[in-house]
Amino acid sequence: MNPRPQPPDPAPHAPSAAAAQPDAPTGLAYVRAGEVELCVRDSGAGPAVLLLHGTTASLGVWDAVVERLGPAVRTVAVDQRGHGRSGKPADGYDAAAYTADLRALIRALDCGPVVAVGHSLGARNAVVLAAEHPELVAGVVAVDYTPYVEPAVLDALETRVRGGDRAFASGTDVELYLRERYPLLPAAAVRRRRRYGYAPAGTGRGGTLRPLADPGAMVRTVDGLRRDFAAAARAVRVPVTLLRGEHSAIVSPAAFAATRELRPDFRAVELTGLDHYVPEEDPQTVADETVRMLDRTAGRPGPSSRHRED
């Protein structure tokens, strides 16, 4: 693995409105990755792990996982295009555009090959990136997203995405909304989603808070998810671990089973008592599976799982 470069310089432009929040996240930097500027938090030293969030989310969903991985692992958590504090182009929200950004980011940071850990949208992007660029990806942990997700599931996801494009009078209102939308999230995870994902709407908007995720980009992202990635999953030649929450509303038992039939060599683990938002509901298991993958790609035996491996 190449030696770690100096941290990327912050972007030269003025801070966004989000920086004005009293408890706004710190330690963020901006990296030019092809046609977009990506917001990242690059921390730790050692083997590199690239952390990719799901639709409408941000790099903050990985904070608890990063904490458990510790400083001996280099973690690069990124706001993907259209999300958080990263660039929001008018188009380019299919797998090809997302993975082109990630390819450019890994090369800009000189951190490959990485273990790519992705949740939902990020899981799709991690698998496609690994299939197309195995020189940049040593292994994948794909959390609660697989091929064969049913169209009705994506219809429901689009409805939820459209419903999240709204203004909130206060941070308390944001957290009330998030607790209703994500009932299994711990309180600390709800607070992180509010801190990382919402910001003042700017002057003339009544001081309201709005999502940082661009609403049009989110709809186009869901549209991109409608193009299945079974071909990429079939083609990938690096180790892959699949994680599914037992009560996931995104990855049905049928989709999980079909993916396991497609690739019986993938490690497949069902996480008891969890739903779709695994990295925030059980960050320790995600960290454990990440370490297992790091050990596997380094040729070391990994730890045993505390959940059911089918």
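The values are calculated or read from the model by the stated rules, or taken from the named source; none is laboratory data. Bear in mind the structure is a predicted one, so any value in this text is a computation, not a measurement. Counting neighbours? That spans all protein chains shown, and the Cβs are built from the backbone with ideal geometry, glycine included. With ligands, DNA and RNA removed, areas are computed over all heavy atoms of the protein, side chains included. Shrake-Rupley method; radii C 1.70, N 1.55, O 1.52, S 1.80 Å.
Remark on the range 25-125: hydrodynamic radius 13.3 angstrom, per the Kirkwood mean of 1/r across alpha carbon pairs.
Between ALA29 and ALA230, the modelled labels are 4.2 nm apart [label points 7 Å from Cα along Cα→Cβ].
Can you give me the relative contact order of the chain as a percent, contacts being Cα pairs under 8 Å and 6 or more apart? Over the chain, the number comes to 20 percent.
The Rg/Rh ratio of the chain, with both radii computed over alpha carbons and Rh defined as the Kirkwood radius, is 0.94. For the range 28-42, putting each phi into the Karplus relation 6.51 cos²θ - 1.76 cosθ + 1.60 with θ = phi - 60° gives couplings of 8, 9, 10, 10, 6, 10, x, 7, 10, 9, 10, 8, 9, 10, 10 Hz, in residue order, rounded to whole numbers and with x for Gly and Pro.
Highest mean first, the peptides 103-115, 25-37, 121-133 sorted by other C-beta atoms within 10 Å per residue fall in the order 121-133, 103-115, 25-37. Solvent-free Debye calculation, one equal scatterer per alpha-carbon of the range 120-173: log10 I(q)/I(0) at 0.28 Å⁻¹ equals -1.06. Ordering GLN80, ALA100, VAL40 by the projection of their Cα atoms onto the charge dipole of the chain, which places +1 on the Cβ of Lys and Arg and -1 on the Cβ of Asp and Glu, puts VAL40 at the extreme positive end. Whenever you get a sec, compute what percent of the accessible area on the chain sits on carbon and sulfur atoms (1.4 Å probe). So the carbon and sulfur contribution to the accessible surface is 54 percent. Between ARG194, ARG181, ARG85, the GNM of the chain built on Cα springs shorter than 10 angstrom shows ARG181 fluctuating the most.
Between ALA199 and ARG210, LEU212, the built amide H atoms are under 5 Å apart, and every one of these is 5 or more places off in sequence or on another chain. Put a dot 7 Å past the Cα of ASP165, heading toward its Cβ, do the same for GLN284, and the two dots end up 4.1 nm apart. Dividing the summed helix terms, -39500 (n - 2.57) for each DSSP H run of n ≥ 4, by the number of residues in the chain produces a 222 nm estimate of -11000 deg cm²/dmol to the nearest 500. Can you tell which of LEU185, LEU154, LEU212 shows the greatest fluctuation in a Gaussian network model of the chain with Cα springs below 10 Å? So, out of LEU185, LEU154, LEU212, the one fluctuating most is LEU154.
With the simple model of a label 7 Å out from the Cα in the direction of the Cβ, THR172 to ARG68 spans 3.2 nm.
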